[in-house]
1. Quick one: in the stretch 37-90, what % of C-alpha pairs are over 15 Å apart?
2. State in Å² the accessible area per residue of the stretch 1-133; use a 1.4 Å probe, count heavy atoms of protein chains only, and round to the nearest integer.
3. Tell me the mean residue ellipticity at 222 nm calculated for the chain from its helices only (DSSP H runs of n ≥ 4, each -39500 (n - 2.57), averaged over every residue, nearest 500).
4. Using Cα positions and a limit of under 25 Å, work out the lysines in reach of residue 67, with same-chain residues fewer than 8 apart set aside.
5. When only alpha-carbon atoms count, how far does the stretch 3-51 stretch along each of its three principal axes, as whole angstroms with the largest first?
6. Roughly speaking, to the nearest percent, how much of the stretch 51-173's 1.4 Å accessible area is carbon and sulfur?
7. Ignoring ligands and nucleic acids, what accessible area does residue 115 show with a 1.4 Å probe (Å², nearest 10)?
8. Sort out for me the Cα centre separation of the stretch 56-129 from the stretch 1-48, rounded to whole Å.
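The values are calculated or read from the model by the stated rules, or taken from the named source; none is laboratory data. This one's a predicted model, so the numbers in the text were calculated from it and none came from an experiment. Ligands, DNA and RNA are stripped out before the accessible areas are found, and what is left, the full protein with its side chains, is counted by its heavy atoms. Shrake-Rupley method; radii C 1.70, N 1.55, O 1.52, S 1.80 Å.
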Amino acid sequence: HVAGFKDLLDHITPCVWMRDQKGTLTYLNHAALRLLDAPDLETVIISQADVLETSLRAEASLARSEKRAWTSRMSGVIGGQPYVFESFEYPHADATFGIAYDITALDRARRDIERLRDNQLRTLDQLPTAVAVFDSRMQLAFCNSAWLNLWHFDHAFIEQKPSDPEILDRLHTERQLP
């Protein structure tokens with residue numbers, strides 16, 4: 001059964017590894033070997049390579065010594081292509097098990113969405129029409145310069161991300177609305 005399980009691990013895309021109590025790698029699946037550009041585990045041990053970069057290795061080692069799980073994002077290069085991984089190590093009994101799965105597409109999509117949002121906000125800020133955007137909790141998420149000029153709110157009030165009712169109350173109090 002163990003050989004079958006190792007065979008399964010060699011056919012999945014996430015990098016999987018196991019460490020002994022000292023933190024030495026004792027198993028790497030094929031994906032982890034590709035990440036390290038190594039033909040086998042012995043080569044990795046001789047070269048003292050690791051699936052985790054030095055700073056992350058120190059964090060993971062601390063977590064291992066405290067018998068707690070560890071997770072972090074890490075980057076790597078496979079076949080000349082950059083990748084971003086979500087990595088996880090979990091100590092159990094006398095070994096630590098680790099996995100790193102590729103989140104490159106997700107990370108790229110997140111950055112693209114942020115860039116798109118920033119571009120949209122810059123565009124909205126340049127409009128001569130007053131625009132305010134509220135989030136799902138009805139709190140001010142964005143307002144453009146025209147909206148600020150229309151209502152003359154002080155920046156301290158706006159930075160508090162007031163709710164729609166708070167803004168209406170303030171406009172009532174300042175007699176800007178009936």
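1. On the way: 799 of 1431 pairs.
Roughly 56 percent, once rounded to a whole number.
2. Numbers: 8630 Å² over 133 residues.
Dividing the accessible area of the stretch 1-133 by its residue count gives 65 Å².
3. Working: 8 runs with 78 residues, N = 178.
Result for the chain, helices only: -12500 deg cm²/dmol.
4. 6, 22
5. Computed over the stretch 3-51, the largest-to-smallest principal extents equal 26, 24, 15 Å.
6. Values: 4430 of 7950 Å².
Result for the stretch 51-173: 56 percent of the exposed heavy-atom area is carbon or sulfur.
7. So the heavy atoms of residue 115 present about 130 Å² to solvent.
8. About 21 Å separates the Cα centre of the stretch 56-129 from the one of the stretch 1-48.
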